[in-house]
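The values are calculated or read from the model by the stated rules, or taken from the named source; none is laboratory data. Please read these numbers as outputs of a predicted model, since none were measured by experiment. Reconstructed Cβ throughout: ideal geometry from the backbone, glycine too, with neighbour counts over all protein chains shown.
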Amino acid sequence: MSGVVSYLGGGKARIERPALEERPALRWLLIGLAMGFLALFLLVPLAVVFLTALRDGLGVYARAVSDPETFAAIRLTLTAAGIAVPLNLVFGVAAAWLISKYEFSGRSLLITLIDLPFSVSPVVAGLVFVLLFGARGWFGPLLSDLDVKIIFAVPGIVIATTFITFPLVAREVLSVMQAQGSDEEEAALTLGASGWQIFRRITLPKIKWGVLYGVILCNARAMGEFGAVSVVSGHIRGETTTIPLQVEILYGEYHFAAAFAVASLLALIALFTLVLKHWVGWQSRRSLEPNTAAGAAVSAPAVRGAAT
């Protein structure tokens, strides 16, 4: 960074402190405030979770984690995430493709609807599903006649989880597609490539890190969802309780060590997600490093290959 030049007597020049550089004391003060905030609101709570979980020994921790109700909560959490994430993956990629590649009436409305779960409280979202699919809801009598149970059952948890998490993949992939443009896709189209060939050979390789990033965020959000799932689950132990709900039940019954032991599972998932997210971001930055010659060498064969 260039500094500020001041001229002294005799035509001599002196380079002073760079114009855009903060003073060392202020810089260290800002770093200290940031690290203190990070320790107070992230590291300390995380340490409390693991210390409390192990406070009564490994035996209590192992019994809490291996409890049948905890196993059922883990299984239901994995089931809900295993259904919601692939659904959001398909929807997110399709919506991002549609919004970034085409101009159509209702495009702004579609973007607004995608962002809707960000602005609606999860508890309100869960209540909406109760009003729709509950026994006294709009579709309640019809579902009762068909002997289909959604609220206070696994389908309601899956629906609530899918709704809360569906913007994550779409938003991440959309930003990547908009940043990369569509020049290569248009070139392949003029050479006679089909839509599927263009997507598989050109678009997907360019957005793969954005897709993976969105899937990671979506999965983490699905496993940690509490508000909407709490409303539609009914808190039926061993049947409709996910890991966050199991933590609430154990804590409400004053089984503090067991509650924090189960909560440590979510903390471990969060730490693993953070590491994986950092790795994906690093790989994404590597793939976007400016290399014009290499980019031209790769892009031209890809466009020609998509047309064959």
Problem - Enumeration of residues in the stretch 86-98 that are surrounded by fewer than 24 Cβ atoms within 10 Å (Cβ to Cβ) and in contact (Cβ under 8 Å) with a residue 24 or more places away in the chain - result: 87, 89, 91, 93, 95, 97
Practice task
Could you figure out which of (1) closer than 29 Å to residue 259 by Cβ; (2) among the charged types (D, E, K, R); (3) surrounded by fewer than 17 Cβ atoms within 10 Å (Cβ to Cβ) isn't true of residue 67?
Solution key: (3)
Problem - From the options 262, 280, 303, residue that is at pLDDT 90 or above, surrounded by 12 or more Cβ atoms within 10 Å (Cβ to Cβ) and not aromatic (Phe, Trp, Tyr) - result: 262
Exercise for the section: Go through the residues of the stretch 161-168 one by one and say whether even a single one is surrounded by fewer than 17 Cβ atoms within 10 Å (Cβ to Cβ) and either among the hydrophobic types (A, V, I, L, M, F, W, C) or farther than 25 Å from residue 74 by Cα (or both). Expected result: no
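Answer yes if at least one residue in the stretch 140-163 is in a helix (DSSP H, G or I), under 20 Å from the mean Cα position of the chain (by Cα), hydrophobic (A, V, I, L, M, F, W, C) and under 17 Å from residue 101 (Cβ atoms), and no otherwise.
no
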Practice task
Please enumerate the residues belonging to the stretch 176-191 that are without any contact (Cβ under 8 Å) to a residue 40 or more places away in the chain and of a type in the set (Asp, Glu).
Solution key: 183, 186
Exercise for the section: Please work out if residue 127 is without any contact (Cβ under 8 Å) to a residue 40 or more places away in the chain and not aromatic (Phe, Trp, Tyr). Expected result: no
Problem - Scope the stretch 64-77; condition part of a helix (DSSP H, G or I) and touching a residue at least 40 places away in the same chain (Cβ under 8 Å); matching residues - result: 64, 65, 68, 69, 70, 72, 73, 74, 76, 77
Exercise for the section: From the list 249, 269, 243, pick out the single residue that is touching a Lys or Arg at 6+ places or on another chain (Cβ under 8 Å) and more than 23 Å from residue 91 (Cα to Cα). Expected result: 249
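Quick one: count up the residues across the stretch 23-47 that are in contact with a helix residue (DSSP H, G or I) (Cβ under 8 Å, 6 or more places away or on another chain) and without any contact (Cβ under 8 Å) to a residue 60 or more places away in the chain.
0
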Handout entry: Residues located in the stretch 221-245, provided they are surrounded by fewer than 22 Cβ atoms within 10 Å (Cβ to Cβ) and small (Gly, Ala, Ser)
Key = 224, 227, 230, 234, 238
